[in-house]
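Trainee: Sharing a structure with you now.
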Amino acid sequence: MEKQDQEQLEKLRQKINDVDVRLVNLLDDRASLVKEIGEYKKSKNLPVYQPDREKDVKERVLAASKNEFPSKALMHIFTEIVSAARSLEAPLEIGYLGPEGTFTEQAAVKQFGSSVNFHPLTGIPDVFREIENGKLHYGVVPIENSLGGTVNETLDEFVDSPLRIVSETFLNIHQNLLANVEDIKQIKRVYSHPQSFSQCRIWLETHLPNVEKIEVSSNAKAASQAPWDKFSAAIAGDLAAERYGLNILERNIEDNPENFTRFWILAPEGNPVNNPEKTTVLVSVKDKPGALLRLLSPFQVYGINLSKIESRPSRRRPWDYLFFIDIDGSIQSADVTKAIEKIREDSIFVKILGSYPKGQL
């Protein structure tokens, strides 16, 4: 390299060094302000985690960007900045459907960042119980998949649980082929959850038509098996590869890339959310003709959109059903309040499961 070119490069590097120093100073200034906010929250008994505020921070950051820096990376950076800042107020204990390396853990990291204490739990009921017993501050559970439908176990837990939904997040599910070998030709067995086998059927038939397929309880379980079984592979996400030290032989082997899972963030009662955008209610209707029509008509009267309605057996008596309804609107809205009060008149009970910010795809 010519001397003149080297000098020009060094000048540019020095400018980057100066920017880095300013960034560090600004982060220190931000941390000082966060500590002040933390003291205020403590004095007013306010929750440390405020999903509406965190969503607002990220939206403002994206709006301020000149698009020189990749937006996906910018969101990741600010997720970690917010996470680290939140930890200065108080450490959070977060439970999720385990084991380590599941897509639910990926969703939890996406929502909370890495500066929290994560706890993998055996099942969805365990996430509910640990929060109810005061051992955890928040929990992350799947509620529905765009291809596989509703996670009924999550809905069923809400029937008797006092927990509330305080936020939601979406995760684009990408399936990878992970292995402890370097060459796909060496693979003799593939471990996976049955749903992932179904989602990757065409790819497997094309590239691994003769391998043995072994079903396990989760993709993370599949990834945990692969290191101990020579010439085996697993279908799982990026995080599972990292957790279990596996090579990613092939990325995005799912047949349909438009595969998203929605997750709910759970909290005990007494965690209010400011400026919510979506409300989920549980309704038990009286068993008589026209009950469902009477349940839905108030929402039409007040011009309220329902983004989802799901029925589940009440498990109290045969052919008795509960309805879970997602409402596009805040419980603080006058129209939403009026509609809910109206449906109470013809219902056995109405339970507000949460009013929270909308997640972004």
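The values are calculated or read from the model by the stated rules, or taken from the named source; none is laboratory data. Small disclaimer: the values here were computed from a predicted structure and weren't measured. Cβ atoms come from the backbone with ideal geometry, glycine included; neighbour counts cover every protein chain shown.
Trainee: Tell me which residues, restricted to the range 123-172, are of a type in the set (Asp, Glu) and closer than 26 Å to Tyr321 by Cβ.
Mentor: Glu132, Glu144, Glu153, Asp156, Glu157, Asp160, Glu168
Trainee: OK, next. When you go through Lys338, Lys358, Lys342 one by one, which is the residue that is of a type in the set (Lys, Arg) and either surrounded by fewer than 13 Cβ atoms within 10 Å (Cβ to Cβ) or closer than 30 Å to Lys72 by Cβ (or both)?
Mentor: Sole residue among the options that is of a type in the set (Lys, Arg) and either surrounded by fewer than 13 Cβ atoms within 10 Å (Cβ to Cβ) or closer than 30 Å to Lys72 by Cβ (or both): Lys358.
Trainee: Within the range 223-268, can you find the residues that are of a type in the set (Gly, Ala, Ser), assigned to a loop (DSSP other than H, G, I, E, B) and not assigned by TED's automatic domain parsing to the domain that holds Lys188?
Mentor: Those that are of a type in the set (Gly, Ala, Ser), assigned to a loop (DSSP other than H, G, I, E, B) and not assigned by TED's automatic domain parsing to the domain that holds Lys188: none in the range 223-268.
Trainee: Within the range 91-113, does at least one residue satisfy the condition of being under 24 Å from Asn176 (Cα atoms), in contact with a Gly (Cβ under 9 Å, 6 or more places away or on another chain) and surrounded by fewer than 17 Cβ atoms within 10 Å (Cβ to Cβ)?
Mentor: Checking the range 91-113: not a single residue is under 24 Å from Asn176 (Cα atoms), in contact with a Gly (Cβ under 9 Å, 6 or more places away or on another chain) and surrounded by fewer than 17 Cβ atoms within 10 Å (Cβ to Cβ).
Trainee: Hey, another quick one. When you check Glu130 against the structure, is it closer than 19 Å to Tyr49 by Cβ and either in the same structural domain as Lys230 (by TED's automatic domain parsing) or free of Cβ contacts under 8 Å to residues at least 40 places away in the same chain (or both), yes or no?
Mentor: yes
Trainee: State whether one or more residues within the range 115-130 are loosely packed, with under 14 Cβ neighbours inside 10 Å and modelled with pLDDT of 95 or more.
Mentor: Looking for residues that are loosely packed, with under 14 Cβ neighbours inside 10 Å and modelled with pLDDT of 95 or more, one finds at least one in the range 115-130, hence yes.
Trainee: Out of (1) modelled with pLDDT under 95; (2) surrounded by 15 or more Cβ atoms within 10 Å (Cβ to Cβ), what's the single condition that is false for Ser217?
Mentor: (2)
Trainee: Okay, moving on. Counting only residues that are touching a residue at least 12 places away in the same chain (Cβ under 8 Å) and not in a helix (DSSP H, G or I), how many does the range 133-157 have?
Mentor: Residues that pass the stated criteria total 17.
Trainee: Name the single residue that is surrounded by the most Cβ atoms within 10 Å (Cβ to Cβ) among those in the range 235-262 being under 29 Å from Val166 (Cα atoms) and among the aliphatic types (A, V, I, L, M).
Mentor: Ala236
Trainee: Output the number of residues of the range 269-288 satisfying the condition of being within 18 Å of the chain's Cα centre (by Cα) and part of a strand (DSSP E or B).
Mentor: So the answer is 3.
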